[in-house]
Amino acid sequence: MEPIIKGAIPVLPAADTAKSLKWWTEICGFTETFRDATPPNYAGINRGEAFLHIAGMSDKELARKVGDQTMVRIAVQGIEAMYAEYKDAGEKCIPTAHCKPRRGERRVRRD
């Protein structure tokens, strides 16, 4: 039998794991599923069928550099409702200048 990949869990670098976890849960509506300690250095979150892990890095400058190069695409059904959630939370949702989103996609950027 051929192995079947059932999914993947992106691991996002964080200069401040607690701050990142707070943003993902309070602004993005994800639920914390686990953490390694308090304050966390490694944590898991999910919303619907999307699962992400957040990993703290001791080199804060490197964490930000790697984070700036990290991209996660999340498919959303009902993007208008999610857009409204971000707007209500004071976040900005903008299409990137170099890439037009496909129908139903929205780029979310933290400023």
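Across segment 73-89, what is the number of residues that are part of a helix (DSSP H, G or I) and either aliphatic (A, V, I, L, M) or over 19 Å from LYS22 (Cα atoms) (or both)? Spell out how you get there, then give the answer.
Let us first name the residues in segment 73-89 that are part of a helix (DSSP H, G or I), namely 79-88.
From the residues that got through so far, the ones that are either aliphatic (A, V, I, L, M) or over 19 Å from LYS22 (Cα atoms) (or both) too are 79-82, 84.
Counting residues in segment 73-89 that are part of a helix (DSSP H, G or I) and either aliphatic (A, V, I, L, M) or over 19 Å from LYS22 (Cα atoms) (or both) gives 5.
Name the strands (runs of 3 or more DSSP E) wholly inside segment 1-72 in which the number of residues that are touching a residue at least 24 places away in the same chain (Cβ under 8 Å) and surrounded by 13 or more Cβ atoms within 10 Å (Cβ to Cβ) is 1 or more.
11-14, 42-47, 50-56
Of all residues in segment 73-86, count the ones that are surrounded by 12 or more Cβ atoms within 10 Å (Cβ to Cβ) and within 12 Å of the chain's Cα centre (by Cα). Quick ask: steps written out before the conclusion?
Initially, segment 73-86 is screened for residues surrounded by 12 or more Cβ atoms within 10 Å (Cβ to Cβ), giving 74, 76, 79, 82-86.
When the remaining residues are screened for being within 12 Å of the chain's Cα centre (by Cα), the result is 74.
Result for segment 73-86: 1.
Could you list, ordered by first residue, the pairs with Cβ atoms under 7 Å in which the first is in segment 75-89 and under 16 Å from GLU49 (Cβ atoms) and the second is in a helix (DSSP H, G or I) and open to solvent by less than 100 Å² (accessible area, probe 1.4 Å), at least 6 apart or interchain?
Final answer for the pair search is VAL76/MET82.
Residues PHE51, PHE34: which one is under 11 Å from the mean Cα position of the chain (by Cα) and among the hydrophobic types (A, V, I, L, M, F, W, C)? If you could, list the steps in order and put the result at the bottom.
Values: PHE34 fails: under 11 Å from the mean Cα position of the chain (by Cα).
The conditions single out PHE51.
The values are calculated or read from the model by the stated rules, or taken from the named source; none is laboratory data. Just so we're clear, the structure is a prediction, and the values are computed from it rather than from any experiment. Cβ: placed from backbone, ideal geometry, glycine included. Neighbour counts: every protein chain shown. When the accessible area is computed, the model is the full protein with side chains, heavy atoms only, and any ligands, DNA or RNA have been set aside. Shrake-Rupley method; radii C 1.70, N 1.55, O 1.52, S 1.80 Å.
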